[in-house]
1. Which of the residues spanning region 141-154 are over 19 Å from residue 70 (Cα atoms), in a helix (DSSP H, G or I) and in contact (Cβ under 8 Å) with a residue 40 or more places away in the chain?
2. Does residue 73 satisfy the criteria of being at pLDDT below 95 and within 21 Å of residue 129 (Cα to Cα)?
3. Quick check on this structure: which one of 72, 98, 67 is surrounded by fewer than 17 Cβ atoms within 10 Å (Cβ to Cβ), in contact (Cβ under 8 Å) with a residue 40 or more places away in the chain and more than 25 Å from residue 8 (Cβ to Cβ)?
4. Any residue at all in region 168-176 that is touching a residue at least 24 places away in the same chain (Cβ under 8 Å) and at positive phi?
5. What are the pairs, 6+ residues apart or on separate chains, where a residue within region 21-38 that is at positive phi and modelled with pLDDT of 95 or more has its Cβ under 6 Å from a residue that is part of a loop (DSSP other than H, G, I, E, B) and loosely packed, with under 14 Cβ neighbours inside 10 Å?
6. Going by the structure shown, is residue 104 surrounded by 12 or more Cβ atoms within 10 Å (Cβ to Cβ), at pLDDT 95 or above and under 27 Å from residue 5 (Cβ atoms)?
7. For region 39-54, name all the residues that are surrounded by fewer than 24 Cβ atoms within 10 Å (Cβ to Cβ), farther than 21 Å from residue 137 by Cβ and touching a helix residue (DSSP H, G or I) at 6+ places or on another chain (Cβ under 8 Å).
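The values are calculated or read from the model by the stated rules, or taken from the named source; none is laboratory data. All of these numbers come straight from a predicted model, not from anything done at the bench. So basically every Cβ, Gly included, is an ideal-geometry build from the backbone, and we count neighbours across all protein chains shown.
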């Protein structure tokens, strides 16, 4: 299934998502981002959103803008943030300062050497962290991007991509569970 077919599969109640998906994946709809950053952000966001159909469609479309290293970089951002977002969200929410003084003892080498442009990796990591709801990671990645003079407009564009991709993934799951009308089947 390609992105156009994904858009067509969205039910009428999600017509805003149809329009947004078509918009945020363009340089006009994602101001401040390059096509490479748009598609890397979209791929990392799709992976974080865990919908296989959407992941395949976005990865297939992304190949027009991303080389193998850039695809791996987006995948690496989604993978490492899947771990870090849990760990650092715990540190933040536990409210016990002693945990923050303890070494994480988790390997995170890919953050220092992602194999792609470091700021692109930060952007993808920020988008995934927004999907996963880790405030500490959102704050850290946003500060890093701003420190390197990435515009607020570009950061907002990345978050808009993450929001739309995640909403499409959720809606596709609703349609899968409940059929074309989007009615969620009752548990037996």
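1. Of everything in region 141-154, just one residue is over 19 Å from residue 70 (Cα atoms), in a helix (DSSP H, G or I) and in contact (Cβ under 8 Å) with a residue 40 or more places away in the chain, namely 153.
2. Details: at pLDDT below 95: no; within 21 Å of residue 129 (Cα to Cα): yes.
In short, no.
3. Working: 98 fails: in contact (Cβ under 8 Å) with a residue 40 or more places away in the chain; 67 fails: in contact (Cβ under 8 Å) with a residue 40 or more places away in the chain.
Checking each option against the conditions leaves just 72.
4. No; the residues of region 168-176 include none that is touching a residue at least 24 places away in the same chain (Cβ under 8 Å) and at positive phi.
5. 32/151
6. Numbers: surrounded by 12 or more Cβ atoms within 10 Å (Cβ to Cβ): yes; at pLDDT 95 or above: yes; under 27 Å from residue 5 (Cβ atoms): no.
So residue 104 fails the test.
7. 51, 53
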